[in-house]
Amino acid sequence: MSLLVVGSVAFDGLESPYGKVERALGGAATYFAVAASFFTHVNLVAIVGDDFTAADAAIFKGRHIDTLGLERAPGKTFFWAGRYSENLNERVTLTTELNVFADFKPRLPEPYRTSKYVFLANIAPDLQRDVLHQVKKRPKIAALDTMNYWIERTNADLLETLRHVDILMINDAETRQLSNEHNLMRAARHIFKMGPSTLVVKRGEYGAMMVDERGVFCVPAFPLEEPHDPTGAGDCFAGGFMGYLASAGDKSDASLRRAMVYGSVMGSFAVEKFGLDRLRTLKRAEIHARARHFAKLTQFEL
Ligand code: AMP
């Protein structure tokens, strides 16, 4: 079952107590596509500039990622820079340069238009909507991620796009900002009125929480001794979550719960090294071993 993603493919400047990288390959759609490709075939829609080399594009090679929808344009690739606090829990954005994304008009290649699973990764909400509208039949699951940058600058567009999605997958600060509610359960109820019927709140080292009309399900984050760089952890969570759902082919409560675990598994690998480095060498067997570890982590008897 193929999974369509639109979002940023980027160069990132990263600073954390563990080191500094001036310009690493990143972007929400990049992290998402690589993580999801361990589970299913991924169709990528994004744009890069002429500074994006064949060596950069190699991240998509040898994986189940179709790059027919990755457009090249004159100009510079999206650039983002961020700095993490001592405990890695807080991040400040230092720079956001949209560059070629500023004038991007996505045209979905024909085979992408029948996608059953769609992930609108972090990017301008009007672009997310444009892509979703080009999918012919309503997808089985359309999920969306966003961030403070878009909540603040393009709120009306975001609210319009949200009307068309099933799952909203954002972090706790974004949940509070979008809903104007501090309490996450109240925030969920507020967000359901905006369109999505499921809210997945990513909470960094505190794990993730899924809320829908059936109730609440929580997964922990994998306890790592040496997290290095949280960049992309949220996108890898989303990649594991949506990739697993697309491979399972259903949206039962049991599948959604397993998707939460695979999301947390993929997020945990992302933070083990800088940028995409850990994902580059990751093996499927390691993913399944960590998922089994999660089962042990959370098992108890009453
Ligand atoms: P995450 O750590 O999961 O929030 O995602 C980090 C990725 O999001 C980085 O690789 C950035 O390139 C990308 N990113 C940061 N800001 C934006 C933005 N405003 N729009 C789209 N992508 C962004």
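No lab work stands behind these numbers, since they all come straight from the coordinates. Values in this document were obtained by computation on a predicted structure and should not be read as measured data. Because the Cβ atoms are built from the backbone with ideal geometry, glycine has one as well, and the counts that use them run over all protein chains shown.
Among residues of segment 213-243 being among the small types (Gly, Ala, Ser) and at negative phi, the one that is surrounded by the fewest Cβ atoms within 10 Å (Cβ to Cβ) is Ala221.
Quick check: anything in segment 159-171 surrounded by fewer than 23 Cβ atoms within 10 Å (Cβ to Cβ) and under 30 Å from Glu22 (Cα atoms)? Taking every residue of segment 159-171 in turn, at least one turns out to be surrounded by fewer than 23 Cβ atoms within 10 Å (Cβ to Cβ) and under 30 Å from Glu22 (Cα atoms). Look through segment 76-97, keep the residues that are of a type in the set (Asp, Glu) and closer than 20 Å to Glu272 by Cα, and return whichever of them is farthest from the ligand (Cβ to nearest atom). In this case the residue turns out to be Glu86. Of the residues Ala254, Ala270, the single one that is in contact (Cβ under 8 Å) with a residue 12 or more places away in the chain and of a type in the set (A, V, I, L, M, F, W, C) is Ala270. The condition (being buried (at least 20 other Cβ atoms within 10 Å of the Cβ) and more than 30 Å from Arg280 (Cα to Cα)) is satisfied by just one residue among Ala142, Ala188, Ala208: Ala188.
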